[in-house]
Amino acid sequence: MLEKIKEIREAMERELREAVSSDQLRELKVKYLGKKGSISELSKGMGKLLPEERPKAGQLVNELRQALEDNLAAKQQELADKAMELKMAQEKVDVTLPGRPVKLGSRHPLTLVTDELKEIFLGMGYTVEEGPQVELDYYNFERMNLPADHPARDMQDSFYFDAKRLLRTHTSPVQARTMDKLCPQAPIKMISPGAVYRRDDDATHSPMFHQVEGLVVDEGISLADLKGTLLNFVRQMFGEEREIRLRPSFFPFTEPSVEVDISCMLCGGKGCRTCKDTGWIEILGAGMVHPNVLKMSGYDPERYTGFAFGCGIERIAMLKYGIDDLRVMFENDVRFLQKF
Ligand code: PHE
């Protein structure tokens, strides 16, 4: 028995020394400590010993088991350390390398322009108003002096929900909503940016686009106030050298109505492709608030006058950033969006 224990111990120690993988260690554990392992066999053989031999043999078997367990654990640790060392040597981790950059989003050009518009007009003492995009025909057309059979409605065909509700075709209904809210208070000085909708779709028209409305109502407001305000706005948005010019136009809700051009920022007014050799670029429609519009909101047109303007935000962004196709704004291509 003692001979046998010694034999097993020597074999075990040799095999442990030679083991190079944790798989081998696992095999050794089974071989010696498993149910049918050599050490278990030894324990089973105890019964055949003389009673006086048993304590000594039992002690030796226990020592053997303990030694094996300790050695297995030590060897396991040794192998793990070696594996880690090898991995470190191979991977050559350079902890001084910069980390991987996290991709940051950027603001959409329309958001940039809208924010800038707000800054400019807040600076002139305007408030920012909001109106619904699903609008009543009543506000979109009637209150804008466009009764049901008015031919100018054809210019703004839209998407209807029913006979009374449509996607608003312009931000002008916010004029009436704001006047309703504030009447008889004056002055009103507000802008209202937001999405509008028309049945239109090509390189320069999108079925959904954005406008900013402007409205001022007070005693003694004149066309000169409109011109001065727009000149100030245009110079802050496009540069101090810009000039504006007003051309007669027609809108049912303004009288007189004007179309406003700015001197071309690309050629400085000499004439180029962008301004079609005229030196001027059309940017917005405006005019003095029609007396009917004031009256429908409860303002006495004999006492109060006002001006209004409406401007396409995509158009400003395209001119400001040199974008030549409107549609890229709504394609969500990151290569385009990352430029801002
Ligand atoms: N609502 C007009 C349009 O969409 C623009 C406009 C607004 C004109 C205010 C005059 C005054 O074309």
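The values are calculated or read from the model by the stated rules, or taken from the named source; none is laboratory data. What you are looking at is a predicted structure, and each value in this text was computed from that prediction instead of being measured. Ideal geometry is used to build each Cβ from the backbone, glycine not excepted, and the neighbour counts take in all protein chains shown. Ligands, DNA and RNA are stripped out before the accessible areas are found, and what is left, the full protein with its side chains, is counted by its heavy atoms. Shrake-Rupley method; radii C 1.70, N 1.55, O 1.52, S 1.80 Å.
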- prompt: Does the stretch 171-188 contain any residue that is modelled with pLDDT of 95 or more and assigned to a loop (DSSP other than H, G, I, E, B)?
  reply: yes
- prompt: Scanning the stretch 203-224 for residues that are open to solvent by 60 Å² or more (accessible area, probe 1.4 Å) and over 17 Å from THR169 (Cα atoms), which turns out nearest to the ligand (Cβ to nearest atom)?
  reply: LEU223
query: Looking at LYS276, LYS339, LYS295, which is the one that is touching a Pro at 6+ places or on another chain (Cβ under 9 Å) and assigned to a loop (DSSP other than H, G, I, E, B)?
result: LYS339
query: What number of residues within the stretch 298-311 are touching a residue at least 24 places away in the same chain (Cβ under 8 Å) and in a loop (DSSP other than H, G, I, E, B)?
result: 3
- prompt: Which of the following residues is over 19 Å from GLN211 (Cα atoms) and either open to solvent by less than 10 Å² (accessible area, probe 1.4 Å) or within 14 Å of the ligand (Cβ to nearest atom) (or both): ARG315, ARG247?
  reply: ARG247
query: Has the stretch 281-292 got at least one residue that is in a helix (DSSP H, G or I) and within 16 Å of the ligand (Cβ to nearest atom)?
result: yes
Leading residue by the ranking (nearest to ILE120 (Cα to Cα)) among those in the stretch 177-202 that are out of contact with any Asp or Glu (no Cβ under 9 Å at 6 or more places or on another chain) and within 12 Å of the ligand (Cβ to nearest atom): VAL196
query: What pairs can you find where one residue is in the stretch 27-41 and more than 16 Å from ILE5 (Cα to Cα), the other is open to solvent by less than 30 Å² (accessible area, probe 1.4 Å) and of a type in the set (Ser, Thr, Tyr), and their Cβ atoms are less than 9 Å apart, with a gap of 6+ or different chains?
result: GLY34/SER40
query: Can you pull out the residues in the stretch 10-58 that are aliphatic (A, V, I, L, M), in contact with a helix residue (DSSP H, G or I) (Cβ under 7 Å, 6 or more places away or on another chain) and part of a loop (DSSP other than H, G, I, E, B)?
result: ALA19, LEU49
- prompt: Can you tell me which residue in the stretch 225-238 is farthest from the ligand (Cβ to nearest atom), limited to those that are open to solvent by 40 Å² or more (accessible area, probe 1.4 Å) and touching a residue at least 12 places away in the same chain (Cβ under 8 Å)?
  reply: GLN236
Number of positions in the stretch 138-172 that are within 15 Å of the ligand (Cβ to nearest atom) and open to solvent by less than 80 Å² (accessible area, probe 1.4 Å): 20
message: Yes or no: the stretch 102-117 includes at least one residue that is surrounded by fewer than 10 Cβ atoms within 10 Å (Cβ to Cβ) and more than 30 Å from VAL212 (Cβ to Cβ).
response: yes
task: Just give me the residues in the stretch 118-137 being of a type outside the set (Lys, Arg), surrounded by 12 or more Cβ atoms within 10 Å (Cβ to Cβ) and touching a residue at least 60 places away in the same chain (Cβ under 8 Å), in sequence order.
output: ILE120, PHE121, MET124, TYR126, THR127, VAL128, GLU129, GLU130, GLY131, GLN133
